[in-house]
1. What is the number of the single condition among (1) open to solvent by 90 Å² or more (accessible area, probe 1.4 Å); (2) among the aliphatic types (A, V, I, L, M); (3) touching a residue at least 24 places away in the same chain (Cβ under 8 Å) that Leu443 does not meet?
2. Pick from the stretch 238-297 the residues that are among the aromatic types (Phe, Trp, Tyr) and open to solvent by 80 Å² or more (accessible area, probe 1.4 Å): which of them is modelled with the highest pLDDT?
3. Just a yes or no: is a residue in the stretch 419-426 under 30 Å from Gln388 (Cα atoms), assigned by TED's automatic domain parsing to the domain that holds Tyr391 and not in a strand (DSSP E or B)?
4. Looking at the stretch 594-603, is at least one residue closer than 29 Å to Arg528 by Cβ and modelled with pLDDT of 95 or more?
5. Identify, please: which residue in the stretch 170-196 is outside any strand (DSSP E or B) and open to solvent by less than 30 Å² (accessible area, probe 1.4 Å) and is, among those, nearest to Gly147 (Cα to Cα)?
6. Out of the residues in the stretch 648-680 that are part of a helix (DSSP H, G or I) and of a type outside the set (Gly, Ala, Ser), which is farthest from Phe633 (Cα to Cα)?
7. Among the numbered criteria (1) open to solvent by less than 30 Å² (accessible area, probe 1.4 Å); (2) in contact with a Gly (Cβ under 8 Å, 6 or more places away or on another chain), which single criterion is violated by Leu201?
8. So how many residues does the stretch 602-622 have that are more than 6 Å from the ligand (Cβ to nearest atom), buried (at least 16 other Cβ atoms within 10 Å of the Cβ) and outside any strand (DSSP E or B)?
Amino acid sequence: MRHNQGVRVEKGYRRRASQGGVILFMVLMAAFLPFTAYGQPRTVRVGVYQNEPKIFMDKNSNASGIFIELLNEIAAQEGWTLVYVRCDWAGCLQALEEGKIDLMPDVAYSEERDGLYDFHQTPVIESWSRVYSSSSTPITKISDLNGKRIAVLRGSIQQAVFEQLMQGFGYEVTIVPADSFEKVFALAAEGSADAAISNHLFGDYSHEKFGLLKTTFDFNPVALYFATANGRNHDLLEAIDRNLNNWIPESSSTYYTTLGKWAGKETNYRVPQYIFWIIGGIISLLVIAAGIIFLLRQQVKVRTQHLEQANAGLQESQQRYQTLARISPVGIFQTDIKGTTTYVNPKWCAISGLTVAQALGDGWLEAVHPDDRERLSKGWHESAQHGQASYSDYRFVRPDGTLAWVMGQAVPEMSPDGQIIGYVGTITDITERKQAEEKISKLNAELELRVQERTLQLEVANKDLESFSYSVSHDLRAPLRAVSGFAEIIARRHRASLNEEGQHYMDNIVQASERMGHLIDDLLKYARLGRSSVRQEPVSLASLMHEISKNMQPRLNEIHGTLNIAEDLPSVMGDLTLLRQIFNNLLENAVKYHKADYPPNVTVACQTEGRYIVVSVADTGIGIPTEYQEKIFNIFQRLHSEDEYPGTGIGLATVKKSVELLGGRVWVESKTGEGSKFSVKLTRAV
Ligand code: ADP
């Protein structure tokens, strides 16, 4: 039956309803009392287990203890015959359920038990659990319990409550269960447990015997009752309540004498009700607090795990960064936001020749070459001011006086929220490269000087040669004209007076003087180039080509050659005399250098390239070997003997010089045995 208000009312009602009847009955029966007691004997079977001093069998197998003595008094009052049945705690409860015993003393009320047993209303005594420690492991505060081995009564309410409390505090304890309080205390006494838990009645009564210390850690206050099986023996419960209610208000009653006897100094085992509620309240608060602490601890644990993981990751990346910085083939440095150096790696020191201590702050700047210092310092501080990356080549003067060229660069280092927190940079040793560059630039400079000198010498020599050629040609021209003129007259008018040999010599003189005349004419033309000013006026290429082709026609007819001139030839800017010389020479060569058994086929075409025009003269002649395609523009450069192809080797040199005087360019594309194409790039007349 549930030990609640409803039940109490029902019981109270039952008692009140029968109260008048009971008095009458008692008066009537008083005279027959002996008869009644013996006539209706009430045998009550009572379970006894070992829980000194509350209830136990002594050495002589006599039931003893607080509950037994009180029950004996009640039985005497009620006329019951008590039969004590020895059992262990669990066995006793089972016997009660099975009806093998009628009454079980020392049962703590709980919701669960309320469903199994019936309880009377007035508690016999209140009890609470207490921790008793072994003398070698004193427990003075609750945290001392953490990590300890605690002996408890197996399956007891105090075990469940204690475990819950420890879990709430986040403590880890090892529970060492035993089947009786005697064994529980024995475990702590022999060192198999660091502390033992029992109700305070047993503990306070027995701890000295086991050499254990009483601690201040009390918990789980409970009220203790007699219990009957569900729905049975209510008369026993009512009688117990009645007797207790009679005793408790009387300080000299059996109740207090019994308790005093078993508890020594502690005569009053009844805790005032308000203490009970306060302790209960405190315990509840402790349990709630323990729950909150447990949750908080869980959260802290999870966060700690996250932090530990993040920390491990950070340490790993720091380690990696440090290793990289240590083995890096370039110097690494770090600065604060103002650009003051806070870190340099070993390679940095090796390159600069400075120690870490010398490098830190602005110390490194002292080692920079005086010629580079101001530029570098200015550039660096400007970049730092504007939060920009900086790049610079500069020199360190090492303590031993040697120079180290470095390529330095630094970039801002950002915090996760995008703020500049400093700079990270590298220096790369480029001394060897700089030295090589210096050597090369010297050598260039030297070569350039030599080329200039040689060019100057050549120009002077050229000028000399040109003036010499000019004066020689000029001086030779008149006598040569006389020689060739007279030779022609003799050969023509007086031919009949000469014998055959004389005629042959005279023909040779005429031919040689003609060739000499051509040579001198060509030389004079070449030497004159650039002496007079060059005109820049529109010249019709169509008209020019027409004129030249007309002059060449007899020769072409003679050798069955053809000359095709494009119809759309435009006008170009230039000097007619020079242009005539250019295209005359190119067309003459194109006709002259034809293959022996193949008459010349010459084409003049043009192609516009923006404001320029490229005029080409292509033939189907003998072609020019690749290695000579540039050289043939040099004066006197010839590829054939005079007998094969007569010439002076001045024509193409004259073409080149004339084209360049007009601001143009000339080149040749050719393949031996297939033909040549000479191209001249000139400016178009608008
Ligand atoms: P040359 O008076 O010998 O023709 P040039 O200066 O005009 O002198 O030409 C130089 C040399 O270039 C020639 O001797 C010849 O070997 C070669 N040459 C010039 N034009 C042609 C061409 N159209 N085809 C093949 N070879 C040529």
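The values are calculated or read from the model by the stated rules, or taken from the named source; none is laboratory data. Just so we're clear, the structure is a prediction, and the values are computed from it rather than from any experiment. As a convention, Cβ positions derive from the backbone with ideal geometry for all residues, glycine included, and neighbour counts pool all protein chains shown. We work out accessible area using only protein heavy atoms, side chains counted, and drop any ligands, DNA or RNA first. Shrake-Rupley method; radii C 1.70, N 1.55, O 1.52, S 1.80 Å.
1. With (1) open to solvent by 90 Å² or more (accessible area, probe 1.4 Å); (2) among the aliphatic types (A, V, I, L, M); (3) touching a residue at least 24 places away in the same chain (Cβ under 8 Å) applied to Leu443, the lone miss is (3).
2. In the first step, residues of the stretch 238-297 are kept if they are among the aromatic types (Phe, Trp, Tyr); the result is 247, 255-256, 262, 269, 274, 276-277, 294.
Okay, now just the ones that are also open to solvent by 80 Å² or more (accessible area, probe 1.4 Å), so 274, 277.
Values: Tyr274: 56, Trp277: 67.
Looking at residues that are among the aromatic types (Phe, Trp, Tyr) and open to solvent by 80 Å² or more (accessible area, probe 1.4 Å), I get Trp277.
3. Yes: the stretch 419-426 contains one or more residues that are under 30 Å from Gln388 (Cα atoms), assigned by TED's automatic domain parsing to the domain that holds Tyr391 and not in a strand (DSSP E or B).
4. Restricting attention to the stretch 594-603, the residues satisfying the condition of being closer than 29 Å to Arg528 by Cβ are 602.
Checking which are modelled with pLDDT of 95 or more leaves us with 602.
For the stretch 594-603, residues closer than 29 Å to Arg528 by Cβ and modelled with pLDDT of 95 or more: present.
5. Filtering the stretch 170-196 for residues outside any strand (DSSP E or B) gives 170-173, 179-194.
If we keep only those that are open to solvent by less than 30 Å² (accessible area, probe 1.4 Å) too, we end up with 180-181, 184-185, 188, 193-194.
Numbers: Ser180: 23, Phe181: 22, Val184: 18, Phe185: 19, Ala188: 15, Ala193: 11, Asp194: 10 Å.
Top of the filtered list is Asp194.
6. Of the stretch 648-680, the ones part of a helix (DSSP H, G or I) are 651-661.
This time we only want the ones that are of a type outside the set (Gly, Ala, Ser), so: 652, 654-657, 659-661.
Values: Leu652: 5, Thr654: 8, Val655: 8, Lys656: 7, Lys657: 9, Val659: 12, Glu660: 12, Leu661: 15 Å.
Among those residues, the one meeting the criterion is Leu661.
7. Result: Leu201 passes all but (2).
8. Quick first cut of the stretch 602-622, residues more than 6 Å from the ligand (Cβ to nearest atom) only: 602-618, 620.
Cutting the leftovers down to buried (at least 16 other Cβ atoms within 10 Å of the Cβ) gives us 602-606, 613-618, 620.
Narrowing the set further to residues that are outside any strand (DSSP E or B) leaves 620.
Result for the stretch 602-622: 1.
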